[in-house]
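The values are calculated or read from the model by the stated rules, or taken from the named source; none is laboratory data. These figures come from a predicted structure and were not determined experimentally. Cβ placement follows ideal geometry from the backbone for every residue including glycine, while neighbour counts extend to all protein chains displayed. The area values use the complete protein model at the heavy-atom level, side chains included, leaving out ligands, DNA and RNA. Shrake-Rupley method; radii C 1.70, N 1.55, O 1.52, S 1.80 Å.
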Amino acid sequence: MATIVENPSLTGGSPGAEPVVDNYLTFTRGWKSWAFTLDHKRIGVMYLCATLGAFFVGGVMALLLRSELFFPGKQFLSPDMYNHMFTLHGAVMTFLFIIPGIPAAQGNFVLPIMLGAKDVAFPRMNLGSFYLWVFGAIYLVAAIIFGGLDTGWTFYTPYSTTTNTSVILATTGVFILGFSSIFTGLNFIVTIHTMRPPGMTWFRMPLFLWATYATAIIQVLATPVLGITLLLLIAERAVGIGIFQPELGGDPVLFQHFFWFYSHPAVYIMILPAMGVISELISTFSRKHIFGYRFVAYSSIAIALLGFLVWGHHMFTSGQSAVSATMFSFLTFSVSIPSAIKVFNWLATMYKGSISFATPMVYALSFIFLFSIGGLTGLFLGALSVDIHLHDTYFVVAHFHYVMMGGTLIAFLGGLTYWWPKMTGRMYDEFSSQMAAIGVFIGFNLTFFPQFVMGARGMPRRYADYLPEYEFYHQLSTIGAFVLGVALVAAVGILVRSLWTGPKAPANPWGSATLEWQCSSPPPHDNFATTPEVGDPYAVESVKWSDSERGYVKNPSYVPSKDH
Amino acid sequence: MTAATIDHTGHGHDAHGHDGHAHHGHGHYPGVPSYSHIMPLWILFAVFASLIALTALTVALSGVALGTAEIFVSMGIATIKALLVAVYFMHMRHDKPLNVLICTFSLVFVALFIGLLLFDSMEYYPNIAARTYVEMLDKAK
Amino acid sequence: MSTADVVSPVTAPGEHHAHSGDGHDHGHGHQPHLAHHFESYEQQFDAGKLGIWLFLVTEVLFFSGLFCAYVVFRVLYPELFAFGHLFLNKELGAINTVVLLVSSLTMALAVRAAQLGQRQVLISMLVVTIACAFVFMGIKYVEYTTKFREGLFPARYFAPTPEALLHAAHMIHDAQSHGAAGHAAGDGAHDEHAADTSHGHDAKAGDHAHEEVNKNGLTAAEQAMVDSVKVPANAGLFFSIYYCLTGLHGIHIIAGIAAISWILVRSIKGHFTPLYFGPVEYVGLYWHLVDLIWIYLFPLLYLIH
Ligand code: HEM
Ligand SMILES: [Cu+2]
């Protein structure tokens, strides 16, 4: 029998009164209390700062690349420098930002709270994972300083075994980052399996948890293969084992198989958590129960598993046999089904909802639009004959930026603006941040849409120079990149500014029904004073707006429906 | 409560607290909690003896010409040994079904990885062989 | 189910302030080694166990890359393996297999002792396990140094010495003349083989003292045998794979030594009880996996026919 108990921590954010309850930020003080913390929330915040820093570095590189391409011919980057720059841009963005971005930063913060647990199952391993990230980053930076890297983020042999840039340093860095990612995933799987409080059944878990769970499966199963691949590459360079080197009897196509066995599933490591965030946002800001909960949940698992069957679509033109290419092409089409299921369910959730265009929702809507374009162009690329024409052109560049940036980055921002009040206890300025979100959307499309066109017209990727006929598209793209850059800085700046000027955040500013909104903003050290009451995570009618709280509170007249 | 069908952790753990319901028939070890299954000594020693015997067998068989069957025989013996280690030394027999499932699952992925890769390498191998042959002819000229 | 029977009374809110640091350790004052975010020893044990199994899964996939390389090259270039394995010492491989099996047994016994709270047995079993691990590494050291001396390096540096080739020649010869009878590949066996070779093409084969040796340090007969050995193209790939597999496995043995030593220290300090023995079990599982991998490596590398 559910009796409604007034949760003392709910009133923590009431206006005027200074909060009496401690929160995780003030629980202990001093830099050591952060550096050695085992609190998942603090680790999440540290991850957030670190990944945002990496994103900034990668972003500056991107702007340099785009500036170089404003005119044909050489501006300020030699072709060699250009190669270094795009390689590091790719490596930093993929391994330092996108992969850990949502799961390790935001996931770490909200996962245990959403679950109703006090922490992840292995807090020490969690901190270890963060420091592994730091070491991995140091190695990557060292690679930049000692010789750079010009192999592309894919490290294809035999070039990567012959170039005289610091492949060993960089791959060691990525190897370490791989373990950081494995530990995060492992921790999440164990947490979800063993730390659920009573009442938190699998089908009462918010969809973000299903998504991080599916992600974690991929992290645990695929990342070790990247690890061994890189180790073999290191051995190849260090002692010439020859497994991937044709002149020693080895096989470079084998390397590509190894690499993509990890890296295609890895693109789902990037997108699945993003889809999880979007599921939360769409339901909350449509003020409607998510449509087709089970379909969305199962489709995450389906994506994770099917994602292992399609890696060969990156190798259509590189010596793979015709039979495998055909098979992989076929399987590639099948993996788009669960992604489409999600999109349709989001749309159905919004149907007849009372949609609020708060900043997170603006990002969520951008996500649906951009991810659809990215996913559909993926189907073009998955079609064998079309890919022969499009492979290694800007079409591919545009495709993966639409899914990685239009998808994951936008969802990252959506999640960041959504959970920001929870993480920091402050509300940001709504109007300016909506504007920034729209700026990001416009800048993004201006940057990458022209790349589809020029790619289809034959502009190859990874080139420092181009024929004059592509100039117009490159210039559009470069202008777009700067618009995007400014909008992104503004979006983050507005959030940071709120730390000083923002009003105090209520416990539940958006009206979500998931557990993290039941504890105060920012949450106390132990998340919940008593084990929280678990209900349907999408019963948005279980909370109602309160003027005095300036946020949502429990709706006393809410009666849980039987079927949830 | 569908969770229960996936694993039974959703119920909270103190239900089985420290008093330990003895389901696995280890009632003769007082003070041992229910989550700890004690492997009887004779099983451990019997498994060890079988492992040693199987090692001797596989070494002995390696001297016998078995032709193409050889790899299957030696891998078969290795797999029996591996199962013995996993089931008894690693307590899989008394472990949670979830843990066993996870292990089997990982093997499926290993099979997928090795299988598809081998399939493709065998498919494109003739191209490489033909290429090597042409290069050889070129050199000979 | 009501909440009351799940919230452990010892985790009353606010209690953590009394503890140092972040409040993450020993949150349950009178329940040693129960971390504050777990409700019970059982939950903690289950979490740890699932965690270690998942870790083992990552290990399996990690090794799978090397097994994959093995399978692909073995299927496409079987001659490399038929040739390369002649240089491996089957006896040492078999001894090492037994050593690891013994260590697995003692590890299993150690876990059992921990579960029953038998501290002395636990300590001695762990010591034996570590000793076995050292023996294993010692034998591997002997094998590796022999290979290095014989010039059996990974592909790029692969340059077998005449002695190594002579040795291979004897192996091939033996296999042909004694039918399929397996033959010892001991190192000291070279000369003896050279002496009792019953080939007709050198009458002076038995007479070492007056033998003329060429620049390779071989007699004419021996040189003829060496020349008869057909070294397949890219033979070094076998050794690349051999070193990768056994090397990575060796690194895992070393990691295992470190992990077991840590457990040993903790058992000497008396940390483990029948309620709290998780770490022993987890390290044990890891150790068994390392053994399991060797169970496959041994026939795959040493027992090729
Ligand atoms: C409907 C789903 C998707 C399909 C059918 C698809 C298909 C493809 C195909 C066929 C290629 C190879 C193109 C070529 O090199 O010729 C490709 C490249 C790529 N895709 Fe996707 N994709 C999908 C979703 C995603 C997602 C969600 C991400 C990341 C979040 C992603 C990231 C990438 C990246 C990074 C590359 C380029 C890798 C490189 O060569 O550097 N894709 N995609
Ligand atoms: Cu892909």
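Some values worked out for this structure:
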read-out: Candidates A:Leu177, A:Leu186, A:Leu209 - the one that is farther than 30 Å from C:Ser40 by Cβ and crowded, with 20+ Cβ neighbours inside 10 Å; value: A:Leu177
read-out: Only listed residue being within 11 Å of ligand 1 (Cβ to nearest atom) and either touching a His at 6+ places or on another chain (Cβ under 7 Å) or within 13 Å of chain B (Cβ to nearest Cβ) (or both), chosen from A:Gly319, A:Gly374; value: A:Gly374
read-out: Test: residue in the stretch A:190-201 that is more than 10 Å from every other protein chain (Cβ to nearest Cβ), assigned to a helix (DSSP H, G or I) and not basic (Lys, Arg); value: no
read-out: Tally, over the stretch B:36-64, of residues that are facing another protein chain (nearest Cβ under 7 Å) and free of Cβ contacts under 8 Å to residues at least 40 places away in the same chain; value: 11
read-out: For A:His399: the one exception among (1) more than 14 Å from ligand 1 (Cβ to nearest atom); (2) modelled with pLDDT of 95 or more; value: (1)
read-out: Residue within the stretch A:262-270 that is within 16 Å of ligand 2 (Cβ to nearest atom), aliphatic (A, V, I, L, M) and open to solvent by 10 Å² or more (accessible area, probe 1.4 Å) present; value: yes
read-out: Residue within the stretch A:398-411 that is open to solvent by 30 Å² or more (accessible area, probe 1.4 Å) and more than 15 Å from the chain's Cα centre (by Cα) present; value: yes
read-out: Sole residue being open to solvent by 30 Å² or more (accessible area, probe 1.4 Å), in contact (Cβ under 8 Å) with a residue 24 or more places away in the chain and within 19 Å of A:Ser283 (Cβ to Cβ), chosen from A:Pro556, A:Pro503, A:Pro560, A:Pro509; value: A:Pro560
read-out: Unique match (being open to solvent by less than 20 Å² (accessible area, probe 1.4 Å), more than 14 Å from ligand 1 (Cβ to nearest atom) and of a type in the set (A, V, I, L, M, F, W, C)) among A:Leu232, A:Leu248; value: A:Leu232
read-out: Candidate set from the stretch C:220-244 (those that are of a type outside the set (A, V, I, L, M, F, W, C) and surrounded by fewer than 24 Cβ atoms within 10 Å (Cβ to Cβ)); member that is nearest to the other protein chains (Cβ to nearest Cβ); value: C:Asn234
read-out: Matching residues, the stretch A:365-383, being in a helix (DSSP H, G or I) and within 14 Å of ligand 2 (Cβ to nearest atom); value: A:Gly374, A:Gly375, A:Thr377, A:Gly378, A:Leu379, A:Phe380, A:Leu381, A:Gly382
read-out: Residue list for the stretch A:251-272, filter: more than 16 Å from ligand 1 (Cβ to nearest atom) and assigned to a helix (DSSP H, G or I); value: A:Leu254
read-out: Those residues of the stretch B:102-127 which are more than 30 Å from A:Phe316 (Cβ to Cβ) and surrounded by 13 or more Cβ atoms within 10 Å (Cβ to Cβ), in sequence order; value: B:Ile102, B:Cys103
read-out: Members of the stretch A:273-288 that are farther than 11 Å from A:Ile303 by Cβ and within 13 Å of ligand 1 (Cβ to nearest atom); value: A:Pro273, A:Ala274, A:Ile278
read-out: Residue match in the stretch A:296-311 (condition: of a type in the set (S, T, N, Q) and more than 9 Å from ligand 1 (Cβ to nearest atom)); value: yes
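The rows are residues; the columns are (1) in contact with a helix residue (DSSP H, G or I) (Cβ under 6 Å, 6 or more places away or on another chain); (2) modelled with pLDDT under 90; (3) within 8 Å of another protein chain (Cβ to nearest Cβ).
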residue	(1), (2), (3)
B:Thr2	yes, yes, yes
B:Asp7	yes, yes, yes
B:Gly20	no, yes, no
B:Lys81	yes, no, yes
B:Met90	yes, no, yes
B:Ala111	no, no, no
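Table: residues versus (1) open to solvent by 40 Å² or more (accessible area, probe 1.4 Å); (2) touching a residue at least 24 places away in the same chain (Cβ under 8 Å); (3) within 14 Å of ligand 2 (Cβ to nearest atom).
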site: A:Val310; (1), (2), (3): no, yes, yes
site: A:His314; (1), (2), (3): yes, yes, yes
site: A:Ser324; (1), (2), (3): no, no, no
site: A:Thr332; (1), (2), (3): no, yes, yes
site: A:Pro338; (1), (2), (3): no, yes, no
site: A:Ser356; (1), (2), (3): yes, yes, no
site: A:Val386; (1), (2), (3): yes, no, no
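Rundown of residues vs (1) within 16 Å of ligand 2 (Cβ to nearest atom); (2) touching a helix residue (DSSP H, G or I) at 6+ places or on another chain (Cβ under 9 Å); (3) more than 18 Å from A:Phe175 (Cα to Cα); (4) not aliphatic (A, V, I, L, M), yes/no style:
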| residue | (1), (2), (3), (4) |
| --- | --- |
| A:Ala117 | no, yes, yes, no |
| A:Val120 | no, yes, yes, no |
| A:Pro123 | no, yes, yes, yes |
| A:Asn126 | no, yes, no, yes |
| A:Tyr131 | no, yes, no, yes |
| A:Ile138 | no, yes, no, no |
| A:Val141 | no, yes, no, no |
